Amino acid sequence: MSRIETAMTALKAANRKALIPYVTAGFPYVDITPDLMHGMVEAGADIIELGVPFSDPSADGPVIQRAGDRALALGVGLAQVLAMVKRFRERNSTTPVVLMGYANPIERYDQKHGEGSFVAHAAESGVDGVLVVDYPPEECADFASALRAKDMDLIFLLAPTSTDERMQQVAAVASGYVYYVSLKGVTGAGTLDVGQVEAMLPRIRKHVEIPVGVGFGIRDAETAQAIGKTADAVVIGTRIIQLIEDEPFEKVTPVVMSFLRTIRKALDA
C-alpha cells in the first residue's frame, strides 16, 4: 500500500478531507523547499504536491509559470527536486509527496541517467506519486506498473470536458487519487463554479473508485469548504504561489502556514 493510499484511507475513516497544497520546488528561494514542506505539514497538509520546474508548462497559468521560471533560473531541475524530497524525508517519513510536472524532464532524466532511472531514484528519494500533465492514460500502463512496483502512484487529471471513455481510460491505470481540474483552461484561470463541480463528481465516481481531489480555482477557506463537501481532497496551488512570490525568505513559511491553517479549519468545520 502506498503512502497516499494509507493517508487517504485514514482520512476517510476519520471523515476528514485531504488538504493538498502545491508549491513549485525551489521557489521563491532555492533552499527553502524542504523547510516549507515541513511547515505545510505542521499547518495541516495531508499530501504535498511539488511542482517540477519546466520551461514550457502548458497547463500552468502565469503565476505558476513565473514561479517555474524563477526556480529554473536558480538551477532547479528534476535532480534537485529529488534531492529536496530526500531532505524532507530525513524528518518526515509519513506525509505523501507527489511530483507534478511534464514528460520532458522525466524522459530527459532517463536519457541522462539510464532507462528506468527516474522511477528508481524517485522511490529512493521518498516520492509517493507522480502527476505528469502530458502523459495520456492510454500510453501509461508500463509507467504505472513500474511506479506501483515501487509503491508509488500515477495520478491523472480529469477536466470538465472529459468524456466517459476518458474517465474509464484513467480509471484503468490511475492510483492514489484522481485530480479533477475544476476549470477549463490553465491554473489560476477564472472563477470556480461549485455547482458544476458538485454535478461532475458523481459522473467521475461512476468510473473511478479511488479518491477524487479538486483543484484549479480554490483560493480561500470558503471555496475550500464548499468543495470539501463533495470532493475527497482539496488542492491549492496558485494562491499559495501568489502569497509568497514577493516575501522575504524568513516570512515565506509563516505566511503559507497561516493561510493553510485557515483552510484546514474550514475543511474540518
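About its Cα centre, how strong a charge dipole does the chain have in debye, to the nearest 20, once Lys and Arg get +1 and Asp and Glu get -1 at the Cβ?
Here the chain has a charge dipole of around 620 debye.
Note down the relative contact order for the chain as a percent, whole number, built from C-alpha pairs under 8 angstrom at least six residues apart.
Averaging sequence separation for qualifying contacts and normalising by length gives 23 percent for the chain.
Set Lys and Arg Cβ to +1 and Asp and Glu Cβ to -1, take the dipole of the range 1-129 about its Cα centre, and tell me which of 74, 7, 105 lies farthest positive.
7
Taking the Cα centre of each part, how many Å lie between the range 221-269 and the range 80-122?
The range 221-269 and the range 80-122 have Cα centres spaced 25 Å from each other.
Among 129-138, 59-68, 21-30, 211-220, how do they line up by average Cβ neighbours within 10 Å per residue, starting with the highest?
Ranking the peptides 129-138, 59-68, 21-30, 211-220 by packing returns 21-30, 211-220, 59-68, 129-138.
For a test of understanding, tell me how many lysine pairs in the range 3-268 have Cα atoms under 27 Å apart, given they are 8 or more places apart or on different chains.
The result is 19.
Readers should treat all values here as calculations from the given coordinates under stated rules, not as data from a laboratory. The structure displayed is predicted, hence computed values, not measured ones. Note that each Cβ is placed from the backbone with ideal geometry, even for glycine, and that neighbours are counted across all protein chains shown.
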